[in-house]
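This report concerns only the one structure given below.
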Amino acid sequence: MSCSKENLNKVRILIVGSGIIGKFNALELSKQGFKVTIVDNEESKNSSNAALGILMGHIYQKRHGRSWELRKVSINLWPKWINYLRHLNSKLQIEKPLLQLTRSRIKFEKLKQFAGKNLKEKFEIIEKNSPKLKKIHEIFESNDFQGLISYEDGRINPRLLLDTIDLSLKKNHVNFVKGRVIKIEKKQKKWIGTLENEKELIGDIIILCNSLNSLELLKEFKHKIKLKPILGQAIEILYDDDQIDFLSLPKNFNIDGKNFIPLTNNKIILGSTDENSLIPEEAKINQLTEFLDNNPKWMNKKNIIRKWFGIRSRPDGEPSPILKTLDKGLIICSGFYKNGILLAPGSADWISKEIKKHL
Ligand SMILES: Cc1cc2nc3c(=O)[nH]c(=O)nc-3n(C[C@H](O)[C@H](O)[C@H](O)COP(=O)(O)OP(=O)(O)OC[C@H]3O[C@@H](n4cnc5c(N)ncnc54)[C@H](O)[C@@H]3O)c2cc1C
């Protein structure tokens, strides 16, 4: 089939799951002219809504392999997508830079080596005595942090992103269906997704973007895909003190794997945990509030005003994510255990190329 926009409009794509991965696929494919339907039963509780939105692209240290390739594509695509989406919401932006800090001398040496090997990247090493760390050291009541500034990494507000994509999908005539797909099957070269209310949705191509639940839909098929849940909790802290202004801190920073996002002068977000479970464990919150040797007084459980969690899916026995054609017209795009927000444009790019092979 020729890939003219007119022809693509005859191809029906059914996307199951409307988290960031399903939405980005819908965005890319509807922009190209495909006739897209996206179905979801409960998107407000998905992991995309729980995400912090940190985009750790350039600062990723493993610079080879499939995951790095996907990151590279995403890094290149993000500015183009921001430009495109900003026409619908001018507030959408990537807040840069990102600081990666550590108390460990060994980790700091590794960061220095990494920066030394990647001189083309916009990195800056910050030693303990750097004036750029003055506020952090003051507010964290410590003098121990050092690390790296990555001027091209940062954070996007995930809720704003998801809402803006929705506007774009509506504009591109994407059909939204609310419902849970309970079965998929192939009939006369078409894919049918059956909902709980027995309604049938038809696609020439079906893309499973429903994270952990994609396994349920594949039960009848002989695919050896294994996914396990990884729950992540995050918290918001409120601390009123004239001496502490969280907005005097960098916009996004990470200390030994914990991300901090100042929201206002007295509120700050902190996340996230990694739990092999489907139910959030109260005790795991300590991993967020007690990971430093000397906790500053504001980083205390009693100051938590909001906490939330999301459940991600992690491939078992193969690397994350799972991007695969399982049958003609059946594609899986799941297992985004971490960095799903960052990787969404790269995955949508992969999907759009893969789909052309099915036509
Ligand atoms: C606390 C936390 C912090 C995070 N921080 C970051 C971060 O800073 N940066 C980053 O890049 N990533 C981050 N992530 C990871 C990121 O959120 C995930 O990688 C990403 O959201 C995965 O997106 P998804 O679309 O695959 O899954 P989801 O967002 O979970 O979406 C799957 C959707 O499928 C739907 N669904 C399931 N079954 C069915 C069915 N049978 N029929 C119809 N619909 C169905 C669900 O309702 C859901 O809406 C974080 C995650 C958590 C939990």
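The values are calculated or read from the model by the stated rules, or taken from the named source; none is laboratory data. Quick caveat, the model's predicted, so the values are computed rather than measured. All Cβ positions, glycine included, derive from the backbone under ideal geometry; neighbour counts span all protein chains shown.
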(request) Within the stretch 351-359, identify whether any single residue is outside any helix (DSSP H, G or I) and touching a residue at least 12 places away in the same chain (Cβ under 8 Å), and answer yes or no. (result) yes
Hey, does the stretch 85-92 have a residue that's assigned to a loop (DSSP other than H, G, I, E, B), within 15 Å of the ligand (Cβ to nearest atom), touching a residue at least 24 places away in the same chain (Cβ under 8 Å) and under 28 Å from Phe176 (Cα atoms)?
no
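Given the options Pro319, Pro296, name the one that is more than 16 Å from the ligand (Cβ to nearest atom) and loosely packed, with under 15 Cβ neighbours inside 10 Å.
The conditions single out Pro296.
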Per the filter on the stretch 53-77, residues hydrophobic (A, V, I, L, M, F, W, C) and not in a loop (DSSP other than H, G, I, E, B) are Ile54, Leu55, Trp68, Leu70, Val73, Ile75, Leu77
Residues of the stretch 254-268 being more than 10 Å from the ligand (Cβ to nearest atom), under 22 Å from Tyr60 (Cβ atoms) and either free of Cβ contacts under 8 Å to residues at least 60 places away in the same chain or crowded, with 20+ Cβ neighbours inside 10 Å (or both), in sequence order, are Ile255, Gly257, Lys258, Phe260
Scanning the stretch 64-94 residue by residue, those within 18 Å of Arg155 (Cβ to Cβ) and surrounded by 17 or more Cβ atoms within 10 Å (Cβ to Cβ) turn out to be Arg71, Ser74, Ile75, Leu77, Trp78, Trp81, Leu85, Leu92, Ile94
Taking the stretch 158-172 and keeping only residues that are surrounded by fewer than 18 Cβ atoms within 10 Å (Cβ to Cβ) and farther than 16 Å from Ser47 by Cβ, one is left with Leu160, Asp163, Leu167, Lys170, Lys171, Asn172
Condition set in a helix (DSSP H, G or I) and farther than 28 Å from Ile261 by Cα, scope the stretch 26-52, selection nearest to the ligand (Cβ to nearest atom): answer is Ala26
Residue set Gly65, Gly57; condition outside the structural domain of Ala234 (by TED's automatic domain parsing) and away from the ligand (no atom under 16 Å from the Cβ); output residue Gly65
Here, strands (runs of 3 or more DSSP E) confined to the stretch 94-186 with at least 1 residues that are aromatic (Phe, Trp, Tyr) are 123-126, 175-178
Scanning the stretch 190-207 for residues that are within 13 Å of Cys333 (Cα to Cα) and near the ligand (Cβ under 9 Å from one of its atoms) gives none
The lone condition Asp144 fails out of (1) over 30 Å from Asp242 (Cα atoms); (2) over 25 Å from the mean Cα position of the chain (by Cα); (3) surrounded by 12 or more Cβ atoms within 10 Å (Cβ to Cβ) is (1)
